[in-house]
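Below is one structure, written out as structure tokens; comments come after it.
The values are calculated or read from the model by the stated rules, or taken from the named source; none is laboratory data. Treat the numbers as computed from the prediction; the structure is a model and nothing was measured. Methodologically, a virtual Cβ is constructed for each residue, glycine included, from the backbone with ideal geometry; neighbour enumeration extends over all protein chains shown. Just the protein is used for accessible areas: all its heavy atoms, side chains included, with ligands, DNA and RNA removed. Shrake-Rupley method; radii C 1.70, N 1.55, O 1.52, S 1.80 Å.
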Amino acid sequence: MEETLEFADLLRLMDERSAAFRAAVAAAPSLDVRVPTCPEWTLFDLVQHLGEGRRKWAAIVAAGPADAPPEMSAQAAPREREALLAWFAASTEELLAALREAGPDRGCWTWWGDSQSPQTAGAVARHQLQQVAVHTYDAQVAVGAPQPLPHEVALDGVDEFLTTCVATTIAWPHEPAVIDYHVTEGRSWRLWFSADGARTARLPTSVAGEDPEGAYVSARGTAHELVMFCYGRIPMDSLRLDGDRRVFDQLIAWEPEE
């Protein structure tokens, strides 16, 4: 079964996606362009959000193991485009430098303590790659030039989302359910939902779609499509669905932290 991306690859791809993000912002006619996939935001808001996130997570990683994130004051993002892009580039490098210094196995605070992802700098790098990748897509949509996520980013993105953002020990409030995700590139995952929470595992290719346990519902699409569905960028009907789609409606509406 395929492994997740190596730490060095996560950092390389984060740097590449950050460059693609800056290129999309640089191509926009104005920083006041609305972002259709983040309807409350302009392009400036998107850059500010992502840049502040780089700095916040850099401080979290640098702080090491902790029960809470460190307190920090936000630095105002400049309004002029060239200065804004330089500020964002510096934010990205701040996070990359903190991750390089920490290495993949060093512990740190994360909000996903009850998930299947570890509370380590490596897991932060993995999640932050997806954050910049999805927001790069948002920026590209805003300027009318959307591009699918790079193949390796999208494949890792499905696994990262399921283990970090879905898996939890918080009880599933509905009848037990099983959901399968299949990407056309040849990987599959299964999610189990019960009073014990939600857990996920990658399915061996030999049993995907043929497991006698079966799933209540399955979704199939490219890895890019599945990542975009997971992050709410495309509707459920953009995927091929088989089975009881009401389970997906329950999953989309579920707020386990509440």
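Miscellaneous remarks
- Most to least packed among 75-88, 172-185 [average Cβ atoms within 10 Å]: 172-185, 75-88
- Accessible surface calculations at 1.4 Å, restricted to protein heavy atoms, place the stretch 38-155 at 44 Å² per residue.
- Surrounding net charge for F44, when Lys and Arg each add one and Asp and Glu each subtract one, Cβ distance under 10 Å: 0
- The accessible surface of the chain, taken with every protein chain in place and a 1.4 Å probe, is 50 percent carbon and sulfur.
- Classification of the stretch 88-200 by its C-alpha gyration tensor yields an oblate form. The axis ratio a/c (a ≥ b ≥ c) is 1.5 or more, and b/c is at least a/b.
- Once you reduce the stretch 75-121 and the stretch 155-182 to the center of their Cα atoms, the two points are 25 Å from each other.
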